[in-house]
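Worksheet for the structure shown next.
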Amino acid sequence: MITPPNPSPLILLVDDEPDILVALEDLFEGDFRVKAAHSGAEGLDVLAGEPDVAVIISDQRMPEMPGDVFLGRARGLSDAEAILLTGYADLSSVTSALNKGGIVGYAAKPWDPEALRAMVAAAAERHQLRRSLNEERSLLRGLMAHLPAAVAVKDRKGRLVRINQRKAMALGVAVEDGLGKTEAELGAPGRADAEARAIQAGQTVEVLDELETEVGPQWLETAIVPVPDATGDIRHLVIVERDVTDEKLAEMHLRQSDKLRALGTLAGGVAHDFNNLLTAIIGSLELATRRLGDEAAVRRYLDNATLAAQKGATLTQRLLGFSRQTESRGAEVVDLADILTDTRDLVERTLGGGARISWNVAADLWRSAIEPDQFELALLNLAVNARDAMPDGGRITISAWNHTIAAPQPGLDLGAGDYAVVSVRDTGPGMTPELLARVLEPFFTTKPVGKGTGLGLPMAYGFAQRSGGALEITSEPGQGAEVKIYLPRALPPAQSAEIDPDPAAPALAAARRRILVVDDEAPVRAVTAGFLRDCGHEVVEADGAEPALAQLTTDGPFDLALVDFAMPGVNGVEFARRARPDWPDLPIVLLTGYFDVEVPGDITLVHKPFSHATLQAALNRAWAQ
């Protein structure tokens with residue numbers, strides 16, 4: 001006996017003979033839900049109110065309406081499977097029922113109970129499968145039509161099997177015109193490499209593209225999902241393309257907002273530190289002027305002033321790098337120990353004196369391929385969170401060490417391999433399991449309104465994920481909290497081709513050259529000119545770009561132009577652009593106090609403040625080009 005599907009299907013029995021209906025009800029009532037009608041008209045009324053009827057069993061010979069006519073009308077009300085009962089061999093009636101009523105079978109009276117039950121059970125199962133298939137198709141059509149993304153289904157050869165309207169618009173074709181073709185045939189680039197990776201790995205591959213448009217940058221996120229068949233072979237790919245420009249811009253704005261909040265905390269400490277540095281500089285120079293007869297003492301005080309100024313310059317660069325609004329430069333292989341050392345002052349000044357801070361960084365800490373500025377921001381966020389967890393003071397320990405994972409660990413989404421681990425631990429009140437479960441939710445915070453955004457930990461988590469690592473939080477009530485960032489080990493970077501300042505090799509700069517120095521700030525111009533004259537060069541000074549362009553004509557020729565970037569009217573890059581047509585071979589060195597300045601490839605860039613050796617190396621590079 002065939003077992004009917006669950007839940008029990010509903011069948012409709014239609015016959016004008018009460019004895020036949022009773023017999024049929026007795027036959028099916030144990031395994032099916034049964035409704036009975038004594039005529040075709042009554043059967044139509046039942047179908048109008050019962051959309052879940054799976055099988056109709058109808059007699060052919062009925063006085064008011066024969067079975068084939070009833071089943072033909074039933075087609076307009078129900079998708080139920082239909083079976084015709086007939087007491088005599090009337091081929092024309094059966095043929096009519098097939099054509100009009102779409103019957104799937106017929107049985108002659110008297111029927112074989114087991115055969116009829118099997119026929120009904122099979123019909124009910126087909127009805128359920130057809131409904132499920134139609135529902136899946138309807139859901140898929142609705143998803144394809146209304147999903148706010150461009151969706152395509154491809155076969156292994158890259159041919160489009162299904163596309164929605166958004167994808168068709170992106171390809172510039174009608175939906176039906178795109179089917180059976182590859183994106184290349186439709187003039188679109190596609191992502192053959194990423195699709196091949198998805199098929200080979202059997203896993204979803206995600207790609208983020210940044211596009212330049214007339215209205216600004218646009219980010220397109222593509223997910224390539226391999227779809228295996230019943231045997232496990234990848235036969236199709238589902239490709240979902242989504243415009244995430246708004247999300248990326250919001251993320252950038254949130255990052256910058258977080259930086260600005262940290263800078264607000266930092267401002268008081270920075271002012272204090274600069275006052276100290278300026279005191280050291282001014283005091284040392286004043287003492288040096290009083291001891292002009294004592295060469296050793298003068299040298300000591302001047303060295304002290306120089307050292308203090310260099311510290312101020314370093315701090316300025318750190319602040320510029322942290323606060324700049326540009327998007328990250330991308331991942332690069334860096335020495336984590338160096339970054340932690342460089343970031344130490346920034347972290348301690350931001351936290352102030354409310355918590356005692358200790359550092360324990362392994363000297364042989366492995367390198368990692370990360371976004372350096374985002375690592376600094378993540379570390380600063382974790383340190384600020386730790387401080388805020390201890391309003392009455394406490395200890396924060398920042399540690400870093402090497403760790404090898406031999407096999408995946410429970411709770412860490414990391415493969416086996418080498419990792420550098422950076423930890424921020426506090427001695428605060430700790431967190432309950434309920435709180436710990438929510439701390440990575442964006443905008444979730446336990447801080448008072450206006451004191452936090454709830455984005456510090458989620459941003460640190462996002463940084464760890466983008467870097468191929470993981471973030472782990474451990475905490476118990478009364479035991480403080482520890483946040484660990486796991487960063488994959490990377491090979492050392494290739495040897496840099498950049499020429500470092502090398503006072504021992506000033507070969508090109510040693511020859512006497514004629515140099516035009518352009519700067520609207522007289523004190524800075526005087527220092528630059530002084531450095532060059534000490535090298536034996538002839539220097540001609542100009543206090544702006546316009547006078548300098550005139551001097552190129554009247555006082556030339558020059559062997560090099562040393563130009564400030566930020567000048568009123570015409571800046572240094574514009575000066576170079578205007579000078580190039582008439583002096584195409586003139587080497588140009590650009591001086592700037594800004595962190596991010598983009599210059600043409602034929603211009604050498606030097607950041608302020610600079611040393612004698614740095615300037616000399618820049619001249620060497622410019623003349624070597």
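The values are calculated or read from the model by the stated rules, or taken from the named source; none is laboratory data. It should be emphasised that the depicted structure is a prediction, and the values quoted were computed from it without experimental measurement. Methodologically, a virtual Cβ is constructed for each residue, glycine included, from the backbone with ideal geometry; neighbour enumeration extends over all protein chains shown.
What helices (runs of 4 or more DSSP H), lying completely within region 515-625, carry at least 2 residues that are within 30 Å of residue 373 (Cα to Cα) and at pLDDT 85 or above? Show your work before the answer.
Details: elements: 522-534, 545-554, 572-579, 612-624.
Filter on region 515-625 gives 572-579, 612-624.
Residues being closer than 25 Å to residue 113 by Cβ and either free of Cβ contacts under 8 Å to residues at least 40 places away in the same chain or among the hydrophobic types (A, V, I, L, M, F, W, C) (or both): count how many of those fall in region 43-60.
Number satisfying all stated conditions: 8.
If you go through region 43-56, how many residues are of a type outside the set (Val, Ile, Thr) and surrounded by 16 or more Cβ atoms within 10 Å (Cβ to Cβ)?
Result for region 43-56: 4.
Anything in region 485-514 that is out of contact with any Pro (no Cβ under 8 Å at 6 or more places or on another chain), at pLDDT 75 or above and not in a loop (DSSP other than H, G, I, E, B)? List them, or say none.
First, pick out the residues of region 485-514 that are out of contact with any Pro (no Cβ under 8 Å at 6 or more places or on another chain): 485-513.
Going one step further and asking which of them are at pLDDT 75 or above, we end up with 485-490, 512-513.
Result: 485, 486, 487, 488.
Is there a residue in region 130-139 that is surrounded by fewer than 20 Cβ atoms within 10 Å (Cβ to Cβ), at pLDDT below 85 and touching a strand residue (DSSP E or B) at 6+ places or on another chain (Cβ under 9 Å)?
no
Of all residues in region 193-220, which are part of a helix (DSSP H, G or I) and exposed (fewer than 11 other Cβ atoms within 10 Å of the Cβ)?
Quick first cut of region 193-220, residues part of a helix (DSSP H, G or I) only: 193-201.
Of everything in region 193-220, just one residue is part of a helix (DSSP H, G or I) and exposed (fewer than 11 other Cβ atoms within 10 Å of the Cβ), namely 193.
Which numbered condition trips up residue 591, out of (1) touching a residue at least 40 places away in the same chain (Cβ under 8 Å); (2) within 15 Å of residue 558 (Cβ to Cβ); (3) among the hydrophobic types (A, V, I, L, M, F, W, C); (4) out of contact with any Pro (no Cβ under 7 Å at 6 or more places or on another chain)?
Evaluating residue 591 over (1) touching a residue at least 40 places away in the same chain (Cβ under 8 Å); (2) within 15 Å of residue 558 (Cβ to Cβ); (3) among the hydrophobic types (A, V, I, L, M, F, W, C); (4) out of contact with any Pro (no Cβ under 7 Å at 6 or more places or on another chain) leaves (2) as the failure.
Residue 36 is checked against (1) within 19 Å of residue 123 (Cβ to Cβ); (2) of a type in the set (Gly, Ala, Ser); (3) in a helix (DSSP H, G or I) and fails just one. What number does that condition carry?
Residue 36 satisfies every listed condition except (3).
Could you list, ordered by first residue, the pairs with Cβ atoms under 9 Å in which the first is in region 526-543 and in the same structural domain as residue 559 (by TED's automatic domain parsing) and the second is of a type in the set (Ser, Thr, Tyr) and surrounded by fewer than 17 Cβ atoms within 10 Å (Cβ to Cβ), at least 6 apart or interchain?
531/611
I'd like the residue in region 194-224 that is under 15 Å from residue 157 (Cα atoms) and not small (Gly, Ala, Ser) and, out of all such residues, is nearest to the chain's Cα centre (by Cα).
The initial filter retains those residues of region 194-224 that are under 15 Å from residue 157 (Cα atoms), namely 194-200, 224.
Retained after the next criterion (residues that are not small (Gly, Ala, Ser)): 195, 197, 199-200, 224.
Working: 195: 19, 197: 19, 199: 22, 200: 23, 224: 15 Å.
Among those that are under 15 Å from residue 157 (Cα atoms) and not small (Gly, Ala, Ser), it is 224.
Of everything in region 15-29, what is in contact (Cβ under 8 Å) with a residue 12 or more places away in the chain and assigned to a helix (DSSP H, G or I)? Give them in sequence order.
18, 20, 21, 24, 25, 27, 28
Are any residues in region 208-242 more than 21 Å from residue 163 (Cα to Cα) and charged (D, E, K, R), and if so, which ones?
210, 212, 214, 233
Part of a strand (DSSP E or B), over 60 Å from the mean Cα position of the chain (by Cα), among the small types (Gly, Ala, Ser) and modelled with pLDDT under 85, is that true of residue 89?
Numbers: part of a strand (DSSP E or B): no; over 60 Å from the mean Cα position of the chain (by Cα): yes; among the small types (Gly, Ala, Ser): yes; modelled with pLDDT under 85: yes.
Here the answer is no, as residue 89 does not meet what is asked.
Output the residues belonging to region 172-183 that are over 27 Å from the mean Cα position of the chain (by Cα) and either surrounded by 15 or more Cβ atoms within 10 Å (Cβ to Cβ) or assigned to a loop (DSSP other than H, G, I, E, B) (or both).
Filtering region 172-183 for residues over 27 Å from the mean Cα position of the chain (by Cα) gives 172-182.
Correct list: 172, 173, 174, 175, 178, 179, 180, 181, 182.
Please go through region 66-86 and give me each residue that is assigned to a helix (DSSP H, G or I) and not small (Gly, Ala, Ser), ordered by number. Steps first, please.
Just the residues of region 66-86 that are assigned to a helix (DSSP H, G or I), to begin with: 67-74.
Result: 68, 69, 70, 71, 73.
Are there any pairs with C-beta distances below 7 angstrom linking a residue in region 130-145 that is assigned to a helix (DSSP H, G or I) to a residue that is surrounded by 11 or more Cβ atoms within 10 Å (Cβ to Cβ), with the two at least 6 apart or on different chains, and if so which?
What qualifies is 144/151; 144/162; 144/164; 145/164; 145/165.
Need the failing condition index for residue 577 against (1) surrounded by fewer than 20 Cβ atoms within 10 Å (Cβ to Cβ); (2) in contact (Cβ under 8 Å) with a residue 24 or more places away in the chain, just the number.
Condition (2) is where residue 577 drops out.
For residue 110, only one of the following conditions fails: (1) part of a loop (DSSP other than H, G, I, E, B); (2) touching a helix residue (DSSP H, G or I) at 6+ places or on another chain (Cβ under 9 Å). What is its number?
So the condition that residue 110 fails would be (2).
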